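Here's the structure, in structure tokens; my notes come after.
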Amino acid sequence: MTGGFIELGGVQLHHHITGPEDAPALLVLHGASTSYLEPFMALSTALEAYRVIWLDRPGLGWSERPAGPWSPGREAELIEHFLTAIGVPRVTVLGHSWGAAIALRLLMDFPQRTGGGVLISPAARAWVGEAAGYNKMTGWPVIGPLISHVVAPVLGPGQLPKGVKSAFHPEPVPTGYIETARLDRLFAPSVWRANAADMARVNTHLAEQETRYGEITQPVILLAGPKDTVVRTSRHAEPVAKTLPRGELRLLPKAGHNLHHAYSHEVTQAVADVVARKR
């Protein structure tokens with residue numbers, strides 16, 4: 001395993017790279033509230049035949065985020081610069097949940113850099129429910145710093161088991177998941193602020209990009225389950241698959257939101273199929 005930090009535009013991006021140097025390149029983008037360790041825990045063995053770039057998305061995990069208003073467009077642009085900086089000209093991109101929204105943005109904005117995509121339980125359309133009040137309030141003066149520096153670090157860890165159970169339903173939560181995936185990293189003040197800013201405007205961000213999905217001409221496979229209670233498959237994966245010119249939906253009847261843990265074989269097969277189809 002190689003990796004560490006790379007500086008781009010005055011911020012540090014944290015990443016790990018695994019697999020043979022001459023293997024097809026795969027960029028993995030984790031979802032909200034987590035870091036690269038979350039998909040790494042589930043998929044590192046299954047994807048060992050690929051040159052995998054496990055990136056802490058800007059502002060999350062151990063990566064920093066540039067100052068100023070943030071959006072999927074800005075994030076995709078920074079990730080494209082990151083790929084240039086590490087010398088990777090073209091990737092297949094795999095994204096989970098909110099990471100799938102960023103993957104879609106990369107596919108739209110940088111088709112020359114992205115050969116195809118695999119989207120796991122994607123948050124892709126402008127309805128994922130109303131943002132929790134604490135996400136919006138984190139951006140407010142006075143009360144925001146109180147939330148990010150005091151309330152979240154003190155009360156947040158106790159709420160993790162409930163949220164994790166919902167994300168895995170109906171599958172059991174893997175033993176040691178919270179500790180191995182380092183979910184506690186969410187409660188670092190800067191990470192909390194970045195994640196809250198994303199989630200406070202999630203519907204706005206998705207409304208701005210969902211009308212463009214028809215522009216994506218690369219092959220895309222969407223993996224989703226009807227048991228997902230976090231991002232409804234009927235609202236997101238199913239209609240988006242129909243919008244994508246080369247989209248294919250693979251429904252896993254018993255799967256929930258974090259399906260990549262119980263269905264790593266299906267994820268690996270989807271990656272192999274996209275790599276074989278990419279133009």
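The values are calculated or read from the model by the stated rules, or taken from the named source; none is laboratory data. Note that the structure is a prediction, hence the values are computed from the model and not measured. So basically every Cβ, Gly included, is an ideal-geometry build from the backbone, and we count neighbours across all protein chains shown.
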- Taking region 103-113 and the residues there that are aliphatic (A, V, I, L, M) and crowded, with 24+ Cβ neighbours inside 10 Å, the one that is nearest to Arg74 (Cα to Cα) would be Leu106
- What is the number of the single condition among (1) surrounded by fewer than 18 Cβ atoms within 10 Å (Cβ to Cβ); (2) small (Gly, Ala, Ser); (3) at pLDDT 95 or above that Gly139 does not meet? (3)
- Message: For region 213-223, check the following and say yes or no: at least one residue is among the charged types (D, E, K, R) and at pLDDT 95 or above.
- Response: yes
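Does region 242-250 contain at least one residue that is over 30 Å from Val151 (Cα atoms), of a type outside the set (Ser, Thr, Tyr), out of contact with any Cys (no Cβ under 7 Å at 6 or more places or on another chain) and part of a helix (DSSP H, G or I)?
Looking for residues that are over 30 Å from Val151 (Cα atoms), of a type outside the set (Ser, Thr, Tyr), out of contact with any Cys (no Cβ under 7 Å at 6 or more places or on another chain) and part of a helix (DSSP H, G or I), one finds at least one in region 242-250, hence yes.
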- Query: When only residues in region 164-195 that are touching a residue at least 60 places away in the same chain (Cβ under 8 Å), out of contact with any helix residue (DSSP H, G or I) (no Cβ under 7 Å at 6 or more places or on another chain) and of a type in the set (Gly, Ala, Ser) count, which is farthest from Ser97 (Cα to Cα)?
  - Reply: Ser190
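Looking at region 142-169 only, could you name the residues that are surrounded by 11 or more Cβ atoms within 10 Å (Cβ to Cβ) and among the basic types (Lys, Arg)?
Once the filter is applied, which keeps residues that are surrounded by 11 or more Cβ atoms within 10 Å (Cβ to Cβ) and among the basic types (Lys, Arg), region 142-169 yields only Lys165.
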- Task: For Leu249, indicate whether it is over 30 Å from Trp140 (Cα atoms), among the aliphatic types (A, V, I, L, M) and more than 16 Å from the chain's Cα centre (by Cα).
- Result: yes
- Could you tell me whether any residue of region 55-68 is surrounded by fewer than 18 Cβ atoms within 10 Å (Cβ to Cβ), touching a Lys or Arg at 6+ places or on another chain (Cβ under 7 Å), closer than 25 Å to Tyr213 by Cα and not β-branched (Val, Ile, Thr)? no
- Checked region 66-81 for anything under 16 Å from the mean Cα position of the chain (by Cα) and in a helix (DSSP H, G or I); matches are Pro72, Gly73, Arg74, Glu75, Ala76, Glu77, Leu78, Ile79, Glu80
- Item | Tally of residues being part of a helix (DSSP H, G or I) and either within 14 Å of Val118 (Cα to Cα) or of a type outside the set (A, V, I, L, M, F, W, C) (or both) across region 202-241 | 16
- Mind listing whichever residues of region 74-128 are free of Cβ contacts under 8 Å to residues at least 40 places away in the same chain, within 27 Å of Ser234 (Cβ to Cβ) and of a type in the set (Gly, Ala, Ser)? Ala76
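Which of the residues that make up region 237-254 are more than 18 Å from Glu210 (Cβ to Cβ) and in contact with a strand residue (DSSP E or B) (Cβ under 7 Å, 6 or more places away or on another chain)?
Answer for region 237-254, where residues must be more than 18 Å from Glu210 (Cβ to Cβ) and in contact with a strand residue (DSSP E or B) (Cβ under 7 Å, 6 or more places away or on another chain): Glu248, Arg250, Leu251, Leu252.
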- Selection status of Glu179, more than 18 Å from the chain's Cα centre (by Cα), outside any helix (DSSP H, G or I) and charged (D, E, K, R): no
- Counted residues, region 196-220 - those being under 24 Å from Val91 (Cβ atoms) and buried (at least 20 other Cβ atoms within 10 Å of the Cβ): 9
- Message: Anything in region 43-54 that is surrounded by fewer than 23 Cβ atoms within 10 Å (Cβ to Cβ) and either small (Gly, Ala, Ser) or within 20 Å of Thr180 (Cβ to Cβ) (or both)? List them, or say none.
- Response: Ser44, Thr45, Ala46, Glu48, Ala49
- Note on the structure: Restricted to region 30-65 and to residues being β-branched (Val, Ile, Thr) and either over 15 Å from the mean Cα position of the chain (by Cα) or in a loop (DSSP other than H, G, I, E, B) (or both), the residue farthest from Pro153 (Cα to Cα) is Thr45
